[in-house]
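Accompanying notes for the structure given below.
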């Protein structure tokens, strides 16, 4: 339809130009009144042409709409079931309850909103493997299923660490994320690296996490250390038994460590905002190349190779 509108517009322009060429200016001897009459006649002709073209355009629009409406009658019967995208294993730390529907997505060749349900459940307080089944259905009653395993695991334990801290409360994590969210759109990181004590720009993703933690009064107590190096922060959480790999399903307020090069190293860190539909949503500082580095919201597919791991807070 956009091409048709463009065609009609060009046609109108051509007709207008044609009329302009046919319109010859009168000689000096013609009175101004006659000139005005001639202009009025030209304007009237142009309006008449425009109205005719508009009427034709409306008729074509109606015809195309009728064709679109009737097209479904000629499509073959839909026998293709929906496609379910989900990892085969969902890893959950003991004591954490998650909504399993957040860890699968469904798509269909015709139905834009196929339904998806899950059969089975797991005991968040008991270590073990639990089998569940996802069921998707489209508006043509085609059904597909996908089986997945929920593994309830214990946190990584370092026998040399004294576990005397309590996790950050849900209310405090919400406050942390509210603070982080309020900074979205801040460029260059000046408020954060200057707070840390640097006299000039440095890579500031870890500094941003430290700054947010300080604003929420959970820095160095001993929930989150003050760190400027991504590797330093990851090592702290690993040493203190608060580390999980990429297969872990994070909770809000956890830290996510990113390996952009997929070479087994830490490149970046941010805060986990929430998990939904198989993706983890984050708030991160120092995103984007200089001079466009800023605080921004990002997301990653759960379990993807860029995720290095998570720190429990």
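Return the FRET efficiency for the residue pair residue 263, residue 299: r is the Cβ-Cβ distance, R0 is 22 Å, and the value is rounded to the nearest 0.05.
With R0 = 22 Å, the Cβ-Cβ based efficiency is 0.50.
To two decimal places, what compactness ratio does the range 200-247 give when its Cα radius of gyration is scaled by 2.2 N^0.38 Å?
Cα Rg divided by the expected 2.2 N^0.38 Å: 1.18.
For residue 235 and residue 174 in the same chain, what is the full-extension length gain: residue separation times 0.36 nm, less their Cα-Cα distance, in nm?
Extra length from residue 235 to residue 174 when fully extended: 19.5 nm.
Dividing the Cα radius of gyration by the Kirkwood radius, what Rg/Rh value follows for the range 223-313?
Across the range 223-313, the Cα-based Rg/Rh ratio is 0.93.
If you scale each eigenvalue of the Cα gyration tensor by 5 and take the root, what three semi-axes come out for the range 83-153, rounded to whole angstrom and sorted largest first?
Here the semi-axes work out to 26, 10, 9 Å.
Values quoted throughout were computed directly from the atomic coordinates according to the rules given, and no laboratory measurement underlies them. Quick caveat, the model's predicted, so the values are computed rather than measured. With ideal geometry, Cβ positions are generated from the backbone for all residues, glycine too; neighbour counts draw on all protein chains shown.
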